[in-house]
Amino acid sequence: MNRKLIAGNWKMNGNRGEAEGLAGNLVALLKGQKAGSDVLVCPPFHLLAPVAEILAGSRIALGAQDCHPEPSGAFTGDVSAPMLADAGCSHVILGHSERRQHHSEPSELVMQKALAAQAAGLCPIICIGETEAERSQGCAGAVVELQLRQSLPIEWANQDVVVAYEPVWAIGTGKTATDDDVAEMHAHIRKLSIELLGAKRGAELRILYGGSVKPDNAADLLRVANVDGALVGGASLKAADFCAIAGSCP
Ligand code: PGA
C-alpha cells in the first residue's frame, strides 16, 4: 500500500494574516498526531513565502496551485516552476478543473507544465476528472483516460508525480462519488498508469481522490482500494477539519 498524501488546496482564499494563522494552527495540531500520512498545503502564490517560514521544520510540505511551462521570460503575471522551488515548494497542482474550465487549459499544456515542474525538482499533482454531463452520458472512464494519457508526464523515469481524480461535479458541491464509483475509477487509473509508467512506477504512483472530502467521509474514502490520499479544497481552510482528514488515514 502506498503512503497516503493529504493535500490542501487553499485556492484563492485568505489574506496574509489568515494564512499565517491557518498554517500555525496546522503545525500545532499535526504535532500531536501520529505521522501516518504525508501532508501538504497549497496556498496562493503571494502567501507561499510567509507560509514557508511557518512550516519550516514541521512535517507539512508546501505546494503551489499552477505554474508556467517556461522557466523564465516575458510572461506577465505568470510564475515559473523554478520560482516555486525557490519559494520553498516541493509540489505543484496542475490541470485543476478550475484552470481547465476558466483558463481553457488543455491536457497538452498540463503535460508541458508537468515536465517543467519535474525539471525544477517539483512533484506535479495532475488533476483529472469528468463533468456531470460526461458521467451521465456514460463516458466518465473515457474522458479520464484521455486526460491521463495527454497530461501525465512519462519521460522522467526518476521524477515523482501524483495524480488526483476529481470528478468536477463533486468539487465544492458537497456531493461525493460513491465508494464503488471511486473504486472503479481509481482501478481504471491504476491500470492505465501501469501501462504508461511501467509496473513499478505505475503501482507506486499516488492517486488522490478530490471533491468535497470532509472529516465525516474521509475515513471511508481513504479505505477504498487505490485511493492513496485526498486533495481537499474547502475543508483545508479549517485547521481542525484538515487535521481530522489527515488523521483519518488507515
Ligand atoms: P472541495 O475542492 O474539497 O472544496 O470540493 C477540492 C478541489 O477543488 O481540489
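In region 153-174, which residues are over 21 Å from GLU108 (Cβ atoms) and either open to solvent by less than 10 Å² (accessible area, probe 1.4 Å) or β-branched (Val, Ile, Thr) (or both)?
Scanning region 153-174 gives PRO167, ALA170, ILE171, THR173.
Within region 99-118, track down each residue that is crowded, with 18+ Cβ neighbours inside 10 Å and outside any helix (DSSP H, G or I).
Result: GLU105, single match.
For region 14-27, enumerate the residues that are open to solvent by less than 70 Å² (accessible area, probe 1.4 Å) and in contact (Cβ under 8 Å) with a residue 24 or more places away in the chain.
Of everything in region 14-27, those that are open to solvent by less than 70 Å² (accessible area, probe 1.4 Å) and in contact (Cβ under 8 Å) with a residue 24 or more places away in the chain turn out to be GLY14, ALA19, GLU20, LEU22, ALA23, GLY24, LEU26, VAL27.
Give me the pairs: first residue in region 1-12 and without any contact (Cβ under 8 Å) to a residue 40 or more places away in the chain and charged (D, E, K, R), second residue open to solvent by 10 Å² or more (accessible area, probe 1.4 Å) and assigned to a loop (DSSP other than H, G, I, E, B), beta-carbon distance under 6 Å, and six or more apart or on different chains, which are they?
none
In this structure, is GLY172 within 16 Å of the ligand (Cβ to nearest atom), within 18 Å of the chain's Cα centre (by Cα) and not basic (Lys, Arg)?
For GLY172, the condition - within 16 Å of the ligand (Cβ to nearest atom), within 18 Å of the chain's Cα centre (by Cα) and not basic (Lys, Arg) - is met.
Being within 11 Å of the ligand (Cβ to nearest atom) and among the hydrophobic types (A, V, I, L, M, F, W, C) is the filter here, so list the residues in region 85-100 that pass it.
Passing the criteria: only ILE93.
Give ALA177, ALA230, ALA225 a once-over and let me know the one that is out of contact with any Lys or Arg (no Cβ under 7 Å at 6 or more places or on another chain), within 16 Å of the ligand (Cβ to nearest atom) and farther than 22 Å from LEU55 by Cα.
Testing whether each residue is out of contact with any Lys or Arg (no Cβ under 7 Å at 6 or more places or on another chain), within 16 Å of the ligand (Cβ to nearest atom) and farther than 22 Å from LEU55 by Cα leaves just ALA177.
Among the residues of region 88-98, which ones are open to solvent by less than 50 Å² (accessible area, probe 1.4 Å) and either at negative phi or assigned to a helix (DSSP H, G or I) (or both)?
Within region 88-98, CYS89, SER90, HIS91, VAL92, ILE93, LEU94, HIS96, SER97 meet the criteria.
Here's the yes/no breakdown for (1) out of contact with any strand residue (DSSP E or B) (no Cβ under 9 Å at 6 or more places or on another chain); (2) open to solvent by 30 Å² or more (accessible area, probe 1.4 Å):
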position: THR176; (1), (2): no, yes
position: GLU184; (1), (2): yes, yes
position: LEU192; (1), (2): yes, no
position: GLY211; (1), (2): no, no
position: VAL224; (1), (2): no, no
position: VAL227; (1), (2): no, no
position: PHE242; (1), (2): no, no
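How about region 1-33: which of its residues are assigned to a loop (DSSP other than H, G, I, E, B), away from the ligand (no atom under 16 Å from the Cβ) and over 13 Å from GLY229 (Cα atoms)?
Of everything in region 1-33, those that are assigned to a loop (DSSP other than H, G, I, E, B), away from the ligand (no atom under 16 Å from the Cβ) and over 13 Å from GLY229 (Cα atoms) turn out to be ASN15, GLY32, GLN33.
Restricting to region 191-222, count the residues that are within 16 Å of the ligand (Cβ to nearest atom), hydroxyl-bearing (Ser, Thr, Tyr) and in contact with a Gly (Cβ under 6 Å, 6 or more places away or on another chain).
Within region 191-222, residues that are within 16 Å of the ligand (Cβ to nearest atom), hydroxyl-bearing (Ser, Thr, Tyr) and in contact with a Gly (Cβ under 6 Å, 6 or more places away or on another chain) number 1.
Among the residues in region 140-152, are any open to solvent by 30 Å² or more (accessible area, probe 1.4 Å), in contact (Cβ under 8 Å) with a residue 40 or more places away in the chain and in contact with a Leu (Cβ under 8 Å, 6 or more places away or on another chain)?
Yes.
Check ARG201, ARG223, ARG190, ARG206 and return the single one that is among the basic types (Lys, Arg) and in contact with a Pro (Cβ under 8 Å, 6 or more places away or on another chain).
Going through ARG201, ARG223, ARG190, ARG206 in turn, just one is among the basic types (Lys, Arg) and in contact with a Pro (Cβ under 8 Å, 6 or more places away or on another chain): ARG223.
Among the numbered criteria (1) open to solvent by 10 Å² or more (accessible area, probe 1.4 Å); (2) more than 19 Å from the chain's Cα centre (by Cα), which single criterion is violated by ALA85?
All conditions are met except number (2).
The values are calculated or read from the model by the stated rules, or taken from the named source; none is laboratory data. What you see is a predicted model, and the numbers here were worked out from it, not measured in a lab. Cβ coordinates were reconstructed from backbone atoms using ideal geometry, including for glycine residues, and neighbour counts include every protein chain displayed. The protein model used for the area step is the full one, side chains on, heavy atoms only, and it has no ligands, DNA or RNA in it. Shrake-Rupley method; radii C 1.70, N 1.55, O 1.52, S 1.80 Å.
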